[in-house]
1. Name the single residue that is farthest from the other protein chains (Cβ to nearest Cβ) among those in region A:32-45 being of a type outside the set (Ser, Thr, Tyr) and surrounded by 14 or more Cβ atoms within 10 Å (Cβ to Cβ).
2. Which residues, taken from region B:23-32, are among the aliphatic types (A, V, I, L, M), assigned to a helix (DSSP H, G or I) and open to solvent by 30 Å² or more (accessible area, probe 1.4 Å)?
3. Criterion first (assigned to a helix (DSSP H, G or I), open to solvent by less than 50 Å² (accessible area, probe 1.4 Å) and either within 20 Å of A:Tyr90 (Cα to Cα) or of a type in the set (Lys, Arg) (or both)) does B:Phe74 satisfy it?
4. Here are the criteria: (1) open to solvent by 70 Å² or more (accessible area, probe 1.4 Å); (2) free of Cβ contacts under 8 Å to residues at least 24 places away in the same chain. Tell me which single one A:Ile21 does not satisfy.
5. What's the total number of residues in region A:46-67 that are under 19 Å from B:Pro77 (Cα atoms), out of contact with any Lys or Arg (no Cβ under 8 Å at 6 or more places or on another chain) and facing chain B (nearest Cβ under 10 Å)?
6. Is it true that some residue in region A:89-100 is in a loop (DSSP other than H, G, I, E, B) and either touching a helix residue (DSSP H, G or I) at 6+ places or on another chain (Cβ under 6 Å) or facing chain B (nearest Cβ under 10 Å) (or both)?
7. Please state which of the following conditions A:Pro75 fails to meet, knowing it meets all the rest: (1) open to solvent by 70 Å² or more (accessible area, probe 1.4 Å); (2) in contact with a Leu (Cβ under 9 Å, 6 or more places away or on another chain); (3) closer than 28 Å to B:Ala2 by Cα; (4) not basic (Lys, Arg).
Amino acid sequence: MMTNYLYLISLLVGLSGMAIIDWRYKLAYWHDRRRTILTIVISVGVFVVWDLLGIGLGIFFHGDSKYALPYRLLPEFPIEELFFLTLLCYCTLVLFQGASKRWPRT
Amino acid sequence: MAAYLILNLVFSLVVLLVLRVRIAQLSKAHLYTLIALLLLTAVFDNCIVMLSIVGYDVSKLLHIYIYKAPVEDFMYPLLGVVLVPAIWRKLGAATNE
């Protein structure tokens, strides 16, 4: 019963891990909350369009895995996908902010 | 045959044009972030493919894989590493610090 939640849970674990790094070094959300939220929302929006195009062209589809939930927000677009795209964008932002501090532009 | 590749190239190009990204904006930070993301993607993508969380119409792929992950998937982190910092930067310029 719980196995369906494993994908979602692993995404949440990933997000939490990035959040801890973010918080520890004040990189994104703990640096500028509004800017972070807007950046993530806009970036995720772009990726959602990309995903929907891929789905629309029949390139990829939901795999019916026992590790994923059966709920779709849209045809072939599972609820976990939003969390995944958020993780991708948040991870990119936090890593980039960290890298910018460590290797600043000269 | 190459539908996925073409989609990814066209989409990325459109996004880059809309954002008016210039090569000069890219830096070491971008490169190191990209390397990290590519490694994470290689692991993560293989996991979701092998666990059947995602499925592909193989007739639309190049059939070039990093283990089980289609190479075209790597364009997501590639665009992301340009897109996300560019939006962050533009939002910073907009609020005019």
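1. Among those residues, the one meeting the criterion is A:Val44.
2. Initially, region B:23-32 is screened for residues among the aliphatic types (A, V, I, L, M), giving B:23-24, B:26, B:29, B:31.
Next, only the ones that are assigned to a helix (DSSP H, G or I) stay: B:23-24, B:29, B:31.
B:Ile23, B:Ala24, B:Leu31, listed by residue number.
3. It is true that B:Phe74 is assigned to a helix (DSSP H, G or I), open to solvent by less than 50 Å² (accessible area, probe 1.4 Å) and either within 20 Å of A:Tyr90 (Cα to Cα) or of a type in the set (Lys, Arg) (or both).
4. Single failed check for A:Ile21: (2).
5. Looking only at region A:46-67, we keep the residues that are under 19 Å from B:Pro77 (Cα atoms), and these are A:46-55, A:59-60.
Checking the rest, the ones that are also out of contact with any Lys or Arg (no Cβ under 8 Å at 6 or more places or on another chain) come to A:46-55, A:60.
After this cut, where a residue has to be facing chain B (nearest Cβ under 10 Å) as well, the list is A:46-47, A:49-51, A:53-54, A:60.
Number satisfying all stated conditions: 8.
6. no
7. Looking at each condition in turn, A:Pro75 falls short on (2).
Residues are listed down the side, and each one gets a yes or a no for (1) closer than 25 Å to B:Lys90 by Cβ; (2) assigned to a helix (DSSP H, G or I); (3) modelled with pLDDT under 95:
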{"position": "B:Met1", "(1), (2), (3)": "no, no, yes"}
{"position": "B:Leu5", "(1), (2), (3)": "no, yes, no"}
{"position": "B:Phe11", "(1), (2), (3)": "yes, yes, no"}
{"position": "B:Val21", "(1), (2), (3)": "yes, no, yes"}
{"position": "B:Leu34", "(1), (2), (3)": "yes, yes, no"}
{"position": "B:Ala42", "(1), (2), (3)": "no, yes, no"}
{"position": "B:Asp45", "(1), (2), (3)": "no, yes, no"}
{"position": "B:Gly55", "(1), (2), (3)": "no, no, yes"}
{"position": "B:His63", "(1), (2), (3)": "no, no, yes"}
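The values are calculated or read from the model by the stated rules, or taken from the named source; none is laboratory data. Bear in mind that the values here come from a model prediction, so they are computed numbers and not experimental data. Virtual Cβ from ideal backbone geometry, glycine too; neighbours counted across all protein chains shown. Just the protein is used for accessible areas: all its heavy atoms, side chains included, with ligands, DNA and RNA removed. Shrake-Rupley method; radii C 1.70, N 1.55, O 1.52, S 1.80 Å.
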